Amino acid sequence: MKSRTRIKLLMVLALLLAYPLVAIAEESILQQVLKRGELIVGTRSTNLPFCYKDEKGELTGFDIDLSRELAFGLFSDRSKVKFTVFSSGGDRIPALQGRRVDCVISQFTVLEKRAQMIEFSVPYIKSGLAVLVKKDSAYKRILSILCVPQSRRRGKRCKRVLEGFRGFLYYRHNASLP
C-alpha cells in the first residue's frame, strides 16, 4: 500500500514539475506592445473625417487622434504609435492575423463572418444614413432613392444594395438625383 501511495505521489510531483513547461503560453498582444514600446495601428487614409492625409501629407482625423490617445494610455506618450496604411479594406484582417499590426482603427463594420476570424472591441462610433432632398422632391422614402430604375436587374440590385448596405449609397455613375 505504501509503495502505491509513493508511486501516486511521484506521478503527481512529476506532473506538477512538468506543468509549467506545458503551460508556458505565448505572450499576449498587449505584452508584446508594452515590451516593444510602440503601438502599431492599421488604418486607411481616404476616409474623411476619420482618417485622411492633410495638405502636408500627414495622417490626421478622428481615428488618428484615437490611436494617439490609446498610445498615451499605454505609454504616457502620444508619439508612441506607428501607422500602417492599408490600400484596401481587404488588407485589414490578413494584417491582424499575420500580426503585422496590433490593432485596426478604421471604418470596420462588425459582421458575423469577420467576428469568426478576429476579435472586435466595442464600436467607438455608430453611423447611419441620412439623405437630404428638396421638400418638393419626387423621392419620399429611402427605397425610392436606393432602387432608382437603372437596369433590368433592378429587383436583384435593390436587394443586394439593401442587404449589403453599410452607410454607402450605391448608384451608377449616370444616376442623377434631383
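Numerical summary
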item: Test: residue in the range 54-66 that is basic (Lys, Arg), surrounded by fewer than 17 Cβ atoms within 10 Å (Cβ to Cβ) and on the phi < 0 side of the Ramachandran plot; result: yes
item: Leading residue by the ranking (modelled with the highest pLDDT) among those in the range 144-160 that are surrounded by 12 or more Cβ atoms within 10 Å (Cβ to Cβ) and not in a loop (DSSP other than H, G, I, E, B); result: Ser144
item: Condition met for Val122 (assigned by TED's automatic domain parsing to the domain that holds Ser28, under 26 Å from Leu30 (Cβ atoms) and surrounded by 13 or more Cβ atoms within 10 Å (Cβ to Cβ)); result: no
item: Residue pairs meeting the criteria (Cβ under 9 Å; at least 6 apart or on separate chains; first under 14 Å from Arg78 (Cα atoms) and touching a residue at least 40 places away in the same chain (Cβ under 8 Å), in the range 33-60; second assigned to a strand (DSSP E or B) and of a type in the set (Ser, Thr, Tyr)); result: Ile40/Thr84; Val41/Thr84
item: Residues located in the range 77-134, provided they are part of a strand (DSSP E or B) and closer than 14 Å to Ser45 by Cβ; result: Phe83, Thr84, Val85, Val104
item: Subset tally (residues that are under 15 Å from Ser106 (Cβ atoms) and not basic (Lys, Arg)) for the range 52-72; result: 11
item: Selection count where residues are in contact with a Cys (Cβ under 6 Å, 6 or more places away or on another chain) and part of a loop (DSSP other than H, G, I, E, B), scope the range 46-76; result: 1
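The values are calculated or read from the model by the stated rules, or taken from the named source; none is laboratory data. Predicted model, so just to flag it, every value in this text is computed and none were measured. Please note: Cβ atoms are built from the backbone with ideal geometry, for glycine as well, and neighbour counts cover all protein chains shown.
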